1. Looking at the stretch 453-477 only, could you name the residues that are within 38 Å of the chain's Cα centre (by Cα), among the small types (Gly, Ala, Ser) and within 19 Å of residue 399 (Cβ to Cβ)?
2. Anything in the stretch 50-71 that is away from ligand 2 (no atom under 16 Å from the Cβ) and either in a strand (DSSP E or B) or surrounded by fewer than 18 Cβ atoms within 10 Å (Cβ to Cβ) (or both)? List them, or say none.
3. Tally time: how many residues in the stretch 609-634 are within 10 Å of ligand 1 (Cβ to nearest atom) and modelled with pLDDT under 95?
4. Say whether the condition of being more than 15 Å from ligand 1 (Cβ to nearest atom), touching a His at 6+ places or on another chain (Cβ under 7 Å) and among the hydrophobic types (A, V, I, L, M, F, W, C) is met by at least one residue in the stretch 48-58.
5. Go through the stretch 355-395 and count every residue that is touching a residue at least 60 places away in the same chain (Cβ under 8 Å) and within 18 Å of residue 477 (Cβ to Cβ).
6. Find the residue count for the stretch 190-200, including only residues that are in contact with a Gly (Cβ under 8 Å, 6 or more places away or on another chain) and within 18 Å of residue 87 (Cα to Cα).
7. Go through the residues of the stretch 288-295 one by one and say whether even a single one is within 16 Å of ligand 1 (Cβ to nearest atom) and crowded, with 16+ Cβ neighbours inside 10 Å.
Amino acid sequence: MKKLILAIVLCFTFAGVRADEGMWLPSLIGSRINDMRQKGFKLSAEDIYSVNKASMKDAVVLFGSGCTGEYVSDQGLLLTNHHCGYGAIQKLSAVEHDYLTDGFWAMSREEELPCEGLSVRRLVRMEDVTARVAAGESFDEIKKQAIDEGYSASIEQMYYGNQQFLFVYEIFTDVRLVAAPPSSIGKFGGDTDNWIWPRHTGDFSIFRVYAGKDNKPAKYSKENQPYRPARHLRISTKGVKEGDFTMIYGYPANTQEYVISDAVEYVAEVSNPMKIALRTERLDIISAAQEQDPAIRIQYAAKHAGIANAWKKWQGEALGIKRLGTIEKKRAYEKEFAAWAADKPEYAHLLDSMHAAYNVVREWYYMGELYAETGKTIELCAMANVLHTAKMRYDNLPENFKKLYVSYNVDVDRALAKAVLKGFERYCPAEKYPAALRAEIGKYGGTVDAYVDYIYDNSHATSFEKAAAATKEQMETDPAMRLFEIFTFDKKMYRNMSNAPEVERWYRTFMKALREWDKERAFYPDANFTLRVAYGSVAGYEYADGEYHNPVSTLDGIIEKDNPNIYDYNIPQVLRDIYAAKDYGRWGEKVNGRYTVPVAFIATNHTSGGNSGSPVINGKGELIGINFDRTWRSTMSDIEFDPSICRNISVDIRFVLFVIDRVGGAGYLLEEMDLR
Ligand code: ARG
Ligand code: GLU
């Protein structure tokens, strides 16, 4: 009896934890709602997504080209991450008003700054159009109604082409910057803490969306009015504790949970190690230059961050896959599948076909990735190409091409070019090595170093002045231009190797078979930058043997890390003063016995890149945080989700409010929010 009870308990615990995996389509969330309610969600499926009435989905937007954002007032006030607004904030900054370093706080609507090129998309509706596609309707016909209504539309594949969904969007382009904390808060911890828990980053920024008088999208105009979203999120100031229900509503971009062992092996043993090693060399070169020269530190800060972000993620991913034994597990799963499929003509030889397709695709896909991590990263070549195109259009190179050189140092770039071309030589199979590259190197010095020196000594693209003085013909035959052409890859690259058509066609059948065979598995379509719901709970975890990580971090942790001599940890003086005076106002509270301000928390939601800026919502549908990261050892969740270790990282909404109020002195913004 005892054993039976234990078995039942274990079974339930397991099932309960398992269900935190998944990124669900909002229009189908009805299938999960019972599970969600059991875990603490108090609202209905219609509250999350509805086409007939305002629902939570109207408060969630796709922000820019890769993030999520959420409305927090009926006046179009929008929250997202600092790292999502970073590009827009950088564009608005100049030496005399450096909003990245100092932060920005609009004290009235008039002070808000239009962000050219930034857009925000709201999902109007989504619709399963599989039957219409099967009946022969073309994508254009299916999209027509939405486009006639003035919306934009796209059709996305789910389950590798087993289902098609229509997504109808409303795109707003008058988006204005309202506030950003200084980077010493918004990017606190920098790349050192990136992908790490415990974390203390105030990773938020605030925008406002404007619309025409009819509340519809309109081009920027002074006459535009704050957009009135059909729904905005109320904010809970009650705080979070371990075990609380959490839901993430946003736009994850890319997961591959159903791929077979061939693909996992490629990621963990071929692709990631190659990309990591090549990026390590680039990062070392950039870091060394940054230490020598403060100007270079600034010039290369964003580039360093960009290169380091994926670099660190891949390391965690490869480690996570190893730790979970994902490859072996997948092989065993495939063996069981093959046994089941053996007497089914449609499926019997499926795995063989997949292995064969991978053997073909892997060869060129690897080369595409190698190109992308080596020759294609050489900035001089990319600039030569831009300048060459410009020379065809303009007689005199417009002044704004000077921008190309603002964050550029030719010596650093030269060193990087040498490193990546040598890296290319190391990682490129001899028979695939481009003959043109061999010829160029032979002609100009015989070694990579000599060849690169030749390019950098003779190119017209190394400065604006030289480029401006060059003729069309000179630009056309520029040595950097020739190298650019050598590294033009002749095949289309896909989201993942498994999305290459030669492989993907088999996945269509494989997914169908899996759903017939593995009846216990809860299937959800892989992330593809469409709106999803993930749910879980606030939870710490065992990081290593005997090392438990609490789910909540506080201001005290910021003060412990504070160090004026370390760029990533140098906080603004005002924060030190507030801490010294314990002057937290309404935002102070006791956490683990200390009077402090909560900063960030981790939870078990299944998230991915693109979920940055996503609202973290409690059981009552209120905003409790903004998602911005995962722990690096849990990044293998893009391939296998492990509920015991996978944690997403969010900034606590109370820290956001505290910074707006006490650091920014922009407490007036709280008045238009719905604080509960
Ligand atoms: N790791 C997060 C993401 O994948 C945050 C990246 C931005 N922050 C940074 N320190 N580079 O996008
Ligand atoms: N920081 C990521 C983003 O920009 C989210 C982290 C993740 O990959 O989960 O979307």
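1. Hits for the stretch 453-477 are 461, 463, 467, 468.
2. Initial filter on the stretch 50-71 (away from ligand 2 (no atom under 16 Å from the Cβ)): 50-59, 71.
Correct list: 51, 52, 53, 54, 71.
3. Selection size over the stretch 609-634: 1.
4. Just the residues of the stretch 48-58 that are more than 15 Å from ligand 1 (Cβ to nearest atom), to begin with: 48-58.
Applying the additional criterion that residues be touching a His at 6+ places or on another chain (Cβ under 7 Å) yields none.
Checked the stretch 48-58: no residue is more than 15 Å from ligand 1 (Cβ to nearest atom), touching a His at 6+ places or on another chain (Cβ under 7 Å) and among the hydrophobic types (A, V, I, L, M, F, W, C).
5. Selection size over the stretch 355-395: 11.
6. Quick first cut of the stretch 190-200, residues in contact with a Gly (Cβ under 8 Å, 6 or more places away or on another chain) only: 195-196, 198-200.
From the residues that got through so far, the ones that are within 18 Å of residue 87 (Cα to Cα) too are none.
The total comes to 0.
7. Kept after step one, since they are within 16 Å of ligand 1 (Cβ to nearest atom), are these residues of the stretch 288-295: 290.
From what's left, crowded, with 16+ Cβ neighbours inside 10 Å: 290.
Taking every residue of the stretch 288-295 in turn, at least one turns out to be within 16 Å of ligand 1 (Cβ to nearest atom) and crowded, with 16+ Cβ neighbours inside 10 Å.
Yes/no matrix, rows are residues, columns are (1) touching a residue at least 24 places away in the same chain (Cβ under 8 Å); (2) surrounded by fewer than 22 Cβ atoms within 10 Å (Cβ to Cβ); (3) in a loop (DSSP other than H, G, I, E, B):
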{"position": "599", "(1), (2), (3)": "yes, no, no"}
{"position": "608", "(1), (2), (3)": "yes, no, yes"}
{"position": "619", "(1), (2), (3)": "yes, yes, yes"}
{"position": "625", "(1), (2), (3)": "yes, no, no"}
{"position": "634", "(1), (2), (3)": "yes, no, no"}
{"position": "651", "(1), (2), (3)": "yes, no, no"}
{"position": "656", "(1), (2), (3)": "yes, no, no"}
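The values are calculated or read from the model by the stated rules, or taken from the named source; none is laboratory data. As the structure is a computational prediction, the values presented were derived from the model and not from experiment. Glycine also receives a Cβ, built like all others from the backbone with ideal geometry; neighbour counts cover every protein chain displayed.
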